[in-house]
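Working notes, beginning with the structure itself.
The values are calculated or read from the model by the stated rules, or taken from the named source; none is laboratory data. All values reported here derive from a predicted model rather than from experimental measurement. Using ideal geometry, Cβ is built from the backbone for each residue, glycine included, and neighbour counts are taken over all protein chains shown. These accessible areas exclude ligands, DNA and RNA; they are computed on the full protein's heavy atoms, side chains included. Shrake-Rupley method; radii C 1.70, N 1.55, O 1.52, S 1.80 Å.
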Amino acid sequence: MRTSNRNRRGLAVPLAVGCATVTAITGCSVGGSSAGGSGSVVTGGTFTLGMSSDPGNLDPQMNTSSALFQMSMLAYDSLLGQDSHGKIVPQLASSWKVAGKKATLTIAPGITCSDGSEFTAATAAANINFITDPKNKSPFAGVFIPAGAKATSDTAGNTVTLTVPTPAPFILNSLATMPMVCAKGLTHRASLAAASDGTGPYVLEQAQPNSRYTFRKRAGYSWGPAGAGTATKGMPDKVVVQIVPNMSTQANLLLAGQLNAATITGPDLKRVQAAKLYSVASPAVVGQQWFNHNSTRPTVDPKVREALSRAVDYTELRRVLTSDQGSAPTTFAATSPAVCPGNSIGPALPKTDLAGAKALLEADGWAMGTDGYRHKGGRQLALTFVYNTDSGAAGASAAELAAAQWKKLGVNATLTPQDHATLISTLFSTGNWDIAWEGLNVSAPDQLIGFLSGPVAPNGSNFSGVHNATYNSKVALAETQQGRASCPAWLAAEAGLVENFDVIPFANLNAYTFGKGATFQQVGGDLLPTTFRMFR
């Protein structure tokens, strides 16, 4: 899910694993400079952005995949922007004010949609109200916009006022992430599944699912973050998003000069780093273990979750999953610029203790059977273990290692690798899973609330069905405070999830995007289209 880091991903919030990779320039020379873009600036041309999985439904407010988050940045804008240091900057809104439970934003004049119509405060309010309306089942409700929030507009002042049930410490950060749809798309919602209707620097020209998506640059665009626009020399005329599933193929094409840029992780990273190319990096949670709390699943039992958590060696799993390039997570909201630094995970992370894990299950009534697995009430302790194939060979090896360690515990864990679209369907729709590995990446902890509490999928974003009293109480405390003053409460809320074995983040990884013949910048792990520059 987003989410938002192309090789994280996971879920976008953005739940972001997904892998967006910038690929070849078409119609202009690809330079061989180790600086990535030290030649002359190219006018025009096509910038091809590769992704490891297809984004699926292109409606920017109805899909949490990281691939779609990156694609949406081409055709859609958010009300506010955010720089690399986390500072909030103007975008669709030229000014803003937060007071208690209200945030009022003034929409800048002269902003137009791709069809030439004006983007107004009334349109902004309609976007927010669509997301928060429970009947629409937007996965952004309770994530970017607090549940129960309402928006109103004032035509005379071209302002939109967002009223939330309780103070939201990082509401501006959330508004800087949420894409805005234009009026026509709001009215004809189904059209957004395969087309775009936004105010962004590009407009979708052609959609070929599982192959490529072609975007054309808009003339006159000048309202990007802090006033960025499309008139800047070196910005490509077209962007092609191409689905490139294999990481080694991406690395080979990049090094051969056939790719303009690529996000490389895993075993291929070292050989690409050796080429000393231009690069940018962003941290992401890539190893995060979820348990299904549905009442019909064995993992609803906290003793089962604890035993499973203590039976594995998370340090070794992290080493294998990240090809020995990762680090231990310290917070749930890890995407840069993270607003609440600290260490909510390390002190709460369970220590490996296979003997203790066996004793827990024995005391819980799970006795070892003659088949080598544990049984209780005539039921084998058999679990469905799903993980994202975007993690490649390293992810498969780590999953096999975990399953082997659980087998020593007497647990029959069936490995079920799934591509990103299938995994999202499993988590949010079918619910046919017990253990899941999927990274959930955000920069602000309040963006996690909908995933970690509240209505359970498919009626909400809480896909694992977590109901943690400590988390809920600490979140309630955090929501009474503003900005970083709320961080101690957010960190305590996160620690409560690990201590109850609800969610176990165990691996972070810097995702490196390398450039050859082009440069770019990123915020929150996503490449900013207005910073794309092409060079000979």
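Ala382 versus (1) open to solvent by less than 40 Å² (accessible area, probe 1.4 Å); (2) touching a Phe, Trp or Tyr at 6+ places or on another chain (Cβ under 9 Å); (3) among the small types (Gly, Ala, Ser): which is the lone unmet condition? Every listed condition holds for Ala382 apart from (1). Per the conditions (1) at pLDDT 95 or above; (2) part of a helix (DSSP H, G or I); (3) under 16 Å from Val503 (Cα atoms); (4) open to solvent by 10 Å² or more (accessible area, probe 1.4 Å), the sole criterion not satisfied by Leu427 is (4). The residues listed here are Ala394, Ala357; of these, the one that is within 30 Å of Ile243 (Cβ to Cβ), open to solvent by less than 20 Å² (accessible area, probe 1.4 Å), among the aliphatic types (A, V, I, L, M) and outside any loop (DSSP other than H, G, I, E, B) is Ala394. Listed by first and then second residue, the pairs linking a residue in the range 455-474 that is closer than 20 Å to Gly431 by Cα to a residue that is of a type in the set (A, V, I, L, M) and surrounded by fewer than 20 Cβ atoms within 10 Å (Cβ to Cβ), with Cβ atoms under 7 Å apart and 6 or more places separating them unless they lie on different chains, are Asn462/Val456; Phe463/Ala457; Gly465/Val456.
The set of residues in the range 402-424 being more than 21 Å from the chain's Cα centre (by Cα) and either part of a loop (DSSP other than H, G, I, E, B) or over 23 Å from Val300 (Cα atoms) (or both) consists of Gly410, Val411.
Count, please, the residues in the range 497-536 that happen to be under 15 Å from Leu440 (Cα atoms) and in contact with a helix residue (DSSP H, G or I) (Cβ under 7 Å, 6 or more places away or on another chain). Even if it seems obvious, please write down each step before you answer.
In the first step, residues of the range 497-536 are kept if they are under 15 Å from Leu440 (Cα atoms); the result is 497-498, 502-511, 524-526.
Among the residues that remain, those that are also in contact with a helix residue (DSSP H, G or I) (Cβ under 7 Å, 6 or more places away or on another chain) are: 497-498, 503-504, 506-507, 526.
Looking only at that region, the number is 7.
Within the range 340-393, being closer than 30 Å to Asn173 by Cα and among the aromatic types (Phe, Trp, Tyr) holds for one residue alone: Tyr387.
Just a yes or no: is a residue in the range 142-164 modelled with pLDDT of 90 or more, charged (D, E, K, R) and assigned to a helix (DSSP H, G or I)? Looking for residues that are modelled with pLDDT of 90 or more, charged (D, E, K, R) and assigned to a helix (DSSP H, G or I), one finds none in the range 142-164, hence no. Taken as a whole, the range 409-417 holds at least one residue that is open to solvent by 30 Å² or more (accessible area, probe 1.4 Å), in contact with a Lys or Arg (Cβ under 9 Å, 6 or more places away or on another chain) and over 25 Å from Gln70 (Cβ atoms).
For the range 447-466, the criterion of being at pLDDT below 90 and of a type in the set (A, V, I, L, M, F, W, C) is met by no residue. A count restricted to the range 328-354 and to residues that are over 19 Å from Ala404 (Cα atoms), among the β-branched types (Val, Ile, Thr) and open to solvent by 20 Å² or more (accessible area, probe 1.4 Å) stands at 1.
Checking the stated criteria, Asp83 turns out not to satisfy the condition of being at pLDDT 95 or above and either over 30 Å from Pro209 (Cα atoms) or of a type outside the set (Lys, Arg) (or both). The set of residues from the range 383-408 being touching a helix residue (DSSP H, G or I) at 6+ places or on another chain (Cβ under 8 Å) and of a type in the set (Lys, Arg) comprises just one member, Lys408.
Taking Ala478, is it open to solvent by less than 10 Å² (accessible area, probe 1.4 Å) and closer than 30 Å to Leu308 by Cα? Against the criterion (open to solvent by less than 10 Å² (accessible area, probe 1.4 Å) and closer than 30 Å to Leu308 by Cα), Ala478 does not qualify.
Of everything in the range 461-475, what is in contact with a strand residue (DSSP E or B) (Cβ under 8 Å, 6 or more places away or on another chain) and over 17 Å from Val300 (Cα atoms)? Give them in sequence order.
Ser461
Comparison of Arg536, Arg484 shows that the only residue that is of a type in the set (Lys, Arg), out of contact with any strand residue (DSSP E or B) (no Cβ under 9 Å at 6 or more places or on another chain), modelled with pLDDT under 90 and surrounded by fewer than 24 Cβ atoms within 10 Å (Cβ to Cβ) is Arg484. Which pairs turn up if I take residues in the range 402-418 that are under 16 Å from His375 (Cβ atoms) and look for partners that are open to solvent by 30 Å² or more (accessible area, probe 1.4 Å) and in a helix (DSSP H, G or I) with beta carbon separation below 7 Å, at least 6 apart in sequence or on another chain? Listed pairs, sorted by first residue: Leu409/Leu354; Leu409/Lys358. Output the residues belonging to the range 483-504 that are in contact with a Phe, Trp or Tyr (Cβ under 6 Å, 6 or more places away or on another chain) and under 18 Å from Val339 (Cα atoms). Scanning the range 483-504 gives Ala493, Glu494.
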